[in-house]
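K.L.:
One structure, pasted below without further comment.
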Amino acid sequence: MLKISQLRKTFNNTMPVLKGIDLTLEQGEVMAVIGPSGTGKSTLLRCINFLERPDSGVIKIDGIKVNASRAKNSEIYKLRRKTSMVFQNYNLFKNMTALENVMEPMITIQKLDRKTAEERAHDLLSKVGLSDKSGFYPRKMSGGQQQRVGIARALASDAKVILFDEPTSSLDPELIGEVLDVIRRVAKANITMLIVTHEMKFAREIADTMIFLEDGVVAGKGTPEEIFEHSGNERIRRFVNRVMEA
Ligand SMILES: Nc1ncnc2c1ncn2[C@@H]1O[C@H](COP(=O)(O)OP(=O)(O)OP(=O)(O)O)[C@@H](O)[C@H]1O
Ligand SMILES: [Mg+2]
(Lines give C-alpha, C1' and ligand atoms only; values in the text may rest on other atoms or scores of the structure.)
(Ligands and ions follow the chains in the order given, each with its own letter.)
Protein backbone atom coordinates (compact mmCIF):
# COMPACT_ATOMS: atom_id res chain seq x y z
CA MET A 1 0.00 0.00 0.00
CA LEU A 2 2.84 2.35 0.94
CA LYS A 3 6.42 1.88 -0.10
CA ILE A 4 9.20 4.35 0.50
CA SER A 5 12.66 3.86 -0.95
CA GLN A 6 15.80 5.77 -0.10
CA LEU A 7 14.02 8.89 1.07
CA ARG A 8 16.39 11.75 1.79
CA LYS A 9 15.81 15.25 3.15
CA THR A 10 18.19 18.04 4.09
CA PHE A 11 17.11 21.48 5.33
CA ASN A 12 19.07 24.50 4.07
CA ASN A 13 22.14 22.50 3.12
CA THR A 14 22.81 21.65 6.73
CA MET A 15 23.02 18.16 8.16
CA PRO A 16 20.74 15.67 6.44
CA VAL A 17 17.65 14.89 8.53
CA LEU A 18 16.53 11.80 6.62
CA LYS A 19 19.41 9.77 5.28
CA GLY A 20 17.79 7.15 3.12
CA ILE A 21 14.61 5.78 4.67
CA ASP A 22 13.10 2.54 3.37
CA LEU A 23 9.79 1.28 4.61
CA THR A 24 6.80 -0.71 3.44
CA LEU A 25 3.28 -0.88 4.80
CA GLU A 26 0.76 -3.46 3.69
CA GLN A 27 -2.94 -2.68 3.33
CA GLY A 28 -4.42 -2.44 6.83
CA GLU A 29 -1.05 -2.41 8.55
CA VAL A 30 -0.51 -0.12 11.52
CA MET A 31 3.07 0.99 11.93
CA ALA A 32 4.31 2.99 14.91
CA VAL A 33 7.30 5.27 14.50
CA ILE A 34 9.30 5.90 17.65
CA GLY A 35 12.59 7.61 18.32
CA PRO A 36 14.26 10.51 20.12
CA SER A 37 13.21 14.12 19.63
CA GLY A 38 14.68 15.83 16.57
CA THR A 39 15.39 12.59 14.81
CA GLY A 40 13.18 13.29 11.80
CA LYS A 41 9.85 11.59 12.63
CA SER A 42 7.68 14.57 11.72
CA THR A 43 9.87 15.30 8.73
CA LEU A 44 9.30 11.75 7.51
CA LEU A 45 5.51 12.14 7.66
CA ARG A 46 5.68 15.59 6.08
CA CYS A 47 7.82 14.25 3.24
CA ILE A 48 5.37 11.43 2.57
CA ASN A 49 2.64 13.93 1.72
CA PHE A 50 5.06 16.51 0.29
CA LEU A 51 4.32 19.13 2.93
CA GLU A 52 8.12 19.09 2.81
CA ARG A 53 9.72 18.26 -0.47
CA PRO A 54 12.18 15.37 -0.12
CA ASP A 55 15.53 15.79 -1.89
CA SER A 56 15.34 12.34 -3.39
CA GLY A 57 13.74 8.95 -3.01
CA VAL A 58 10.66 7.20 -4.30
CA ILE A 59 7.26 7.17 -2.63
CA LYS A 60 4.58 4.80 -3.84
CA ILE A 61 1.08 4.76 -2.41
CA ASP A 62 -1.80 2.72 -3.77
CA GLY A 63 -0.39 2.53 -7.28
CA ILE A 64 0.79 6.15 -7.48
CA LYS A 65 4.55 6.34 -7.66
CA VAL A 66 6.49 9.58 -7.32
CA ASN A 67 10.21 10.05 -7.71
CA ALA A 68 10.95 13.00 -5.43
CA SER A 69 13.90 14.37 -7.34
CA ARG A 70 11.83 14.90 -10.48
CA ALA A 71 8.25 15.02 -9.26
CA LYS A 72 5.74 17.10 -11.18
CA ASN A 73 3.08 19.05 -9.33
CA SER A 74 0.33 16.97 -10.88
CA GLU A 75 1.93 13.80 -9.52
CA ILE A 76 2.43 15.35 -6.09
CA TYR A 77 -1.22 16.32 -6.03
CA LYS A 78 -2.31 12.77 -6.85
CA LEU A 79 -0.02 11.31 -4.23
CA ARG A 80 -1.15 13.80 -1.61
CA ARG A 81 -4.74 12.67 -1.98
CA LYS A 82 -3.68 9.18 -0.96
CA THR A 83 -2.83 10.29 2.57
CA SER A 84 -4.38 12.40 5.23
CA MET A 85 -2.69 13.69 8.31
CA VAL A 86 -3.74 14.09 11.93
CA PHE A 87 -1.63 16.83 13.49
CA GLN A 88 -0.39 17.31 17.01
CA ASN A 89 -2.21 20.64 17.24
CA TYR A 90 -5.40 19.48 15.50
CA ASN A 91 -5.20 22.12 12.74
CA LEU A 92 -8.95 22.57 12.58
CA PHE A 93 -10.46 25.55 10.82
CA LYS A 94 -11.37 27.87 13.69
CA ASN A 95 -14.20 29.55 11.81
CA MET A 96 -15.94 26.28 11.02
CA THR A 97 -18.04 24.04 13.23
CA ALA A 98 -17.05 20.44 13.91
CA LEU A 99 -19.43 19.32 11.19
CA GLU A 100 -18.08 21.83 8.66
CA ASN A 101 -14.51 20.83 9.45
CA VAL A 102 -15.32 17.22 8.65
CA MET A 103 -17.28 18.18 5.52
CA GLU A 104 -14.51 20.39 4.19
CA PRO A 105 -12.29 17.78 2.48
CA MET A 106 -15.32 16.03 1.02
CA ILE A 107 -16.51 19.25 -0.59
CA THR A 108 -13.24 20.84 -1.67
CA ILE A 109 -11.26 17.75 -2.63
CA GLN A 110 -13.73 15.00 -3.40
CA LYS A 111 -16.32 17.44 -4.76
CA LEU A 112 -19.23 15.68 -3.08
CA ASP A 113 -22.49 17.57 -2.94
CA ARG A 114 -23.25 19.27 0.37
CA LYS A 115 -26.04 16.93 1.36
CA THR A 116 -23.97 13.76 0.89
CA ALA A 117 -20.99 15.37 2.62
CA GLU A 118 -23.17 16.42 5.52
CA GLU A 119 -24.63 12.95 5.96
CA ARG A 120 -21.20 11.36 5.90
CA ALA A 121 -19.83 13.97 8.31
CA HIS A 122 -22.62 13.20 10.79
CA ASP A 123 -21.76 9.51 10.52
CA LEU A 124 -18.07 10.16 11.11
CA LEU A 125 -18.71 12.43 14.07
CA SER A 126 -20.82 9.73 15.61
CA LYS A 127 -17.98 7.24 15.04
CA VAL A 128 -15.65 9.43 17.10
CA GLY A 129 -18.33 9.92 19.76
CA LEU A 130 -19.13 13.55 18.99
CA SER A 131 -22.66 13.51 17.59
CA ASP A 132 -23.69 16.08 20.17
CA LYS A 133 -20.91 18.52 19.22
CA SER A 134 -21.51 18.85 15.49
CA GLY A 135 -22.50 22.53 15.73
CA PHE A 136 -19.62 23.50 18.01
CA TYR A 137 -16.68 25.65 16.98
CA PRO A 138 -13.20 24.40 17.92
CA ARG A 139 -12.75 26.99 20.68
CA LYS A 140 -15.77 25.54 22.50
CA MET A 141 -14.33 22.03 22.47
CA SER A 142 -11.71 20.36 24.65
CA GLY A 143 -8.38 19.36 23.11
CA GLY A 144 -9.47 15.73 23.07
CA GLN A 145 -12.69 16.60 21.30
CA GLN A 146 -10.87 18.76 18.77
CA GLN A 147 -8.48 15.95 18.04
CA ARG A 148 -11.37 13.54 17.56
CA VAL A 149 -12.80 15.98 15.01
CA GLY A 150 -9.34 15.95 13.39
CA ILE A 151 -9.53 12.18 13.13
CA ALA A 152 -13.05 12.28 11.71
CA ARG A 153 -11.81 14.77 9.13
CA ALA A 154 -8.91 12.49 8.19
CA LEU A 155 -11.38 9.63 7.75
CA ALA A 156 -13.62 11.85 5.62
CA SER A 157 -11.03 12.10 2.89
CA ASP A 158 -10.61 9.28 0.44
CA ALA A 159 -7.04 8.73 1.67
CA LYS A 160 -5.59 5.23 1.73
CA VAL A 161 -3.08 5.91 4.48
CA ILE A 162 -3.58 8.03 7.59
CA LEU A 163 -0.52 9.70 9.04
CA PHE A 164 -0.63 10.60 12.73
CA ASP A 165 2.00 12.93 14.14
CA GLU A 166 1.93 12.56 17.93
CA PRO A 167 -1.84 12.88 18.04
CA THR A 168 -2.01 12.98 21.84
CA SER A 169 1.04 14.95 22.82
CA SER A 170 -0.76 18.29 23.17
CA LEU A 171 -3.44 16.80 25.38
CA ASP A 172 -3.88 16.84 29.12
CA PRO A 173 -3.36 13.34 30.50
CA GLU A 174 -7.04 12.82 31.26
CA LEU A 175 -7.97 13.48 27.62
CA ILE A 176 -5.41 11.16 26.03
CA GLY A 177 -7.45 8.01 26.62
CA GLU A 178 -10.48 9.13 24.61
CA VAL A 179 -8.32 9.93 21.58
CA LEU A 180 -6.39 6.67 21.81
CA ASP A 181 -9.71 4.81 22.00
CA VAL A 182 -10.82 6.41 18.76
CA ILE A 183 -7.53 5.56 17.05
CA ARG A 184 -7.84 1.96 18.27
CA ARG A 185 -11.27 1.74 16.70
CA VAL A 186 -9.98 3.17 13.42
CA ALA A 187 -7.11 0.69 13.43
CA LYS A 188 -9.57 -2.19 13.69
CA ALA A 189 -11.35 -0.98 10.56
CA ASN A 190 -8.50 -2.20 8.34
CA ILE A 191 -7.17 1.28 7.64
CA THR A 192 -3.47 1.63 6.89
CA MET A 193 -1.83 3.92 9.44
CA LEU A 194 1.57 5.33 10.23
CA ILE A 195 1.65 6.73 13.76
CA VAL A 196 4.42 8.76 15.35
CA THR A 197 3.92 8.47 19.07
CA HIS A 198 5.61 8.60 22.43
CA GLU A 199 2.84 6.51 23.98
CA MET A 200 4.79 3.29 24.19
CA LYS A 201 2.08 1.16 25.78
CA PHE A 202 -0.38 2.27 23.15
CA ALA A 203 2.10 1.72 20.33
CA ARG A 204 2.81 -1.74 21.57
CA GLU A 205 -0.85 -2.63 21.75
CA ILE A 206 -1.98 -1.14 18.47
CA ALA A 207 0.95 -1.54 16.08
CA ASP A 208 1.56 -4.50 13.80
CA THR A 209 5.07 -3.23 13.20
CA MET A 210 7.34 -0.56 14.62
CA ILE A 211 10.35 1.32 13.46
CA PHE A 212 12.89 3.08 15.62
CA LEU A 213 14.16 6.18 13.87
CA GLU A 214 17.46 7.60 15.00
CA ASP A 215 19.72 10.14 13.35
CA GLY A 216 17.73 9.98 10.14
CA VAL A 217 17.90 6.25 9.60
CA VAL A 218 15.70 3.30 10.48
CA ALA A 219 17.82 1.93 13.31
CA GLY A 220 15.39 -0.83 14.25
CA LYS A 221 12.37 -2.51 12.77
CA GLY A 222 10.11 -5.34 13.88
CA THR A 223 6.96 -6.34 15.68
CA PRO A 224 6.34 -4.50 18.95
CA GLU A 225 7.46 -7.61 20.78
CA GLU A 226 10.74 -7.69 18.90
CA ILE A 227 11.35 -4.01 19.53
CA PHE A 228 10.35 -4.02 23.18
CA GLU A 229 11.62 -7.34 24.38
CA HIS A 230 14.19 -8.74 22.07
CA SER A 231 15.93 -5.76 20.68
CA GLY A 232 19.61 -6.54 20.39
CA ASN A 233 20.17 -2.82 19.91
CA GLU A 234 21.26 -1.22 23.17
CA ARG A 235 20.14 2.27 22.09
CA ILE A 236 16.61 1.09 21.30
CA ARG A 237 16.43 -0.67 24.65
CA ARG A 238 17.60 2.41 26.50
CA PHE A 239 15.16 4.66 24.62
CA VAL A 240 12.19 2.37 25.24
CA ASN A 241 13.02 1.99 28.93
CA ARG A 242 13.44 5.71 29.36
CA VAL A 243 10.15 6.58 27.69
CA MET A 244 8.27 3.83 29.53
CA GLU A 245 9.49 5.17 32.87
CA ALA A 246 8.65 8.80 32.09
N1 LIG B 1 11.42 23.57 8.27
C2 LIG B 1 12.60 23.23 8.82
N3 LIG B 1 13.72 23.97 8.57
C4 LIG B 1 14.92 23.63 9.08
N5 LIG B 1 15.12 22.57 9.89
C6 LIG B 1 14.05 21.81 10.19
C7 LIG B 1 12.74 22.10 9.67
N8 LIG B 1 11.88 21.16 10.14
C9 LIG B 1 12.62 20.32 10.90
N10 LIG B 1 13.92 20.70 10.94
C11 LIG B 1 15.01 20.01 11.64
O12 LIG B 1 14.99 18.65 11.30
C13 LIG B 1 15.28 17.84 12.42
C14 LIG B 1 14.17 16.81 12.60
O15 LIG B 1 12.98 17.47 13.00
P16 LIG B 1 11.62 16.70 13.22
O17 LIG B 1 10.60 17.72 13.58
O18 LIG B 1 11.35 15.85 12.04
O19 LIG B 1 11.97 15.77 14.47
P20 LIG B 1 11.00 14.82 15.32
O21 LIG B 1 11.64 13.49 15.33
O22 LIG B 1 9.62 14.93 14.82
O23 LIG B 1 11.13 15.45 16.78
P24 LIG B 1 10.02 15.54 17.96
O25 LIG B 1 9.97 14.18 18.59
O26 LIG B 1 10.59 16.56 18.89
O27 LIG B 1 8.73 15.96 17.35
C28 LIG B 1 15.47 18.77 13.58
O29 LIG B 1 16.85 18.97 13.79
C30 LIG B 1 14.82 20.04 13.14
O31 LIG B 1 15.45 21.15 13.69
MG1 LIG C 1 7.84 15.67 15.62
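K.L.:
Which of the residues spanning segment 42-52 are in a loop (DSSP other than H, G, I, E, B) and without any contact (Cβ under 8 Å) to a residue 40 or more places away in the chain? Talk me through it step by step, then tell me what you get.
P.N.:
Taking segment 42-52 first, the residues in a loop (DSSP other than H, G, I, E, B) are 49-52.
Phe50, Leu51 - these are the residues of segment 42-52 that are in a loop (DSSP other than H, G, I, E, B) and without any contact (Cβ under 8 Å) to a residue 40 or more places away in the chain.
K.L.:
Still on this structure, I have one more. Tally time: how many residues in segment 30-41 are in a loop (DSSP other than H, G, I, E, B) and touching a strand residue (DSSP E or B) at 6+ places or on another chain (Cβ under 6 Å)?
P.N.:
Just the residues of segment 30-41 that are in a loop (DSSP other than H, G, I, E, B), to begin with: 35-40.
The next check asks that each one be touching a strand residue (DSSP E or B) at 6+ places or on another chain (Cβ under 6 Å); those that pass are 35, 39-40.
Qualifying residue count, segment 30-41: 3.
K.L.:
Still on this structure: Considering only segment 192-246, state which residues are closer than 16 Å to Glu29 by Cβ and open to solvent by 30 Å² or more (accessible area, probe 1.4 Å). Before you say what the answer is, go through the steps one by one.
P.N.:
The first filter runs over segment 192-246 and keeps only residues closer than 16 Å to Glu29 by Cβ, leaving 192-197, 203-211, 218, 221-227.
Of everything in segment 192-246, those that are closer than 16 Å to Glu29 by Cβ and open to solvent by 30 Å² or more (accessible area, probe 1.4 Å) turn out to be Arg204, Glu205, Asp208, Thr209, Val218, Lys221, Thr223, Glu225, Glu226.
K.L.:
Return yes or no: is Thr39 touching a residue at least 40 places away in the same chain (Cβ under 8 Å) and open to solvent by less than 70 Å² (accessible area, probe 1.4 Å)?
P.N.:
Details: touching a residue at least 40 places away in the same chain (Cβ under 8 Å): yes; open to solvent by less than 70 Å² (accessible area, probe 1.4 Å): yes.
The answer is yes for Thr39.
K.L.:
Restricting attention to segment 10-20, and to residues there that are touching a Lys or Arg at 6+ places or on another chain (Cβ under 8 Å) and within 16 Å of ligand 2 (Cβ to nearest atom), which single residue is most open to solvent (accessible area, probe 1.4 Å)?
P.N.:
The first filter runs over segment 10-20 and keeps only residues touching a Lys or Arg at 6+ places or on another chain (Cβ under 8 Å), leaving 16-20.
With the extra rule that they be within 16 Å of ligand 2 (Cβ to nearest atom), the set shrinks to 17-18.
Values: Val17: 33, Leu18: 2 Å².
Looking at residues that are touching a Lys or Arg at 6+ places or on another chain (Cβ under 8 Å) and within 16 Å of ligand 2 (Cβ to nearest atom), I get Val17.
K.L.:
Kindly establish whether Thr14 is modelled with pLDDT under 95, within 16 Å of ligand 1 (Cβ to nearest atom) and over 20 Å from the mean Cα position of the chain (by Cα).
P.N.:
yes
K.L.:
Show me the strands (runs of 3 or more DSSP E) found entirely inside segment 172-246 where at least 2 residues are over 14 Å from the mean Cα position of the chain (by Cα).
P.N.:
Numbers: elements: 192-196, 209-214, 217-222.
In segment 172-246, the matching strands (runs of 3 or more DSSP E) lie at 209-214, 217-222.
K.L.:
Across segment 42-55, which residue is farthest from Val217 (Cα to Cα) among those that are within 13 Å of ligand 2 (Cβ to nearest atom) and surrounded by fewer than 21 Cβ atoms within 10 Å (Cβ to Cβ)? Break it down stepwise before answering.
P.N.:
Taking segment 42-55 first, the residues within 13 Å of ligand 2 (Cβ to nearest atom) are 42-47, 51-52.
Checking which are surrounded by fewer than 21 Cβ atoms within 10 Å (Cβ to Cβ) leaves us with 42, 46, 51-52.
Details: Ser42: 13, Arg46: 16, Leu51: 20, Glu52: 18 Å.
Here the answer is Leu51.
K.L.:
List the number of the failed condition for Arg80; all other conditions in (1) under 29 Å from Ser134 (Cα atoms); (2) modelled with pLDDT of 95 or more hold.
P.N.:
Among (1) under 29 Å from Ser134 (Cα atoms); (2) modelled with pLDDT of 95 or more, the lone unmet condition for Arg80 is (2).
K.L.:
Continuing with the same structure: Give me the pairs, please: first residue somewhere in segment 156-169 and open to solvent by 10 Å² or more (accessible area, probe 1.4 Å), second residue anywhere and within 16 Å of ligand 1 (Cβ to nearest atom) and assigned to a strand (DSSP E or B), beta-carbon distance under 9 Å, and either six or more positions apart or on two chains.
P.N.:
Ala159/Met85; Asp165/Met85; Asp165/Val86; Asp165/Ile195; Asp165/Val196; Glu166/Ile195; Glu166/Val196
The values are calculated or read from the model by the stated rules, or taken from the named source; none is laboratory data. Here the structure is a predicted model, which is why all the values come from computation and not from measurement. Positions of Cβ are generated from backbone atoms using ideal geometry, with glycine treated the same way; all protein chains shown enter the neighbour counts. Surface accessibility is based on the protein's heavy atoms, side chains included, excluding ligands, DNA and RNA. Shrake-Rupley method; radii C 1.70, N 1.55, O 1.52, S 1.80 Å.
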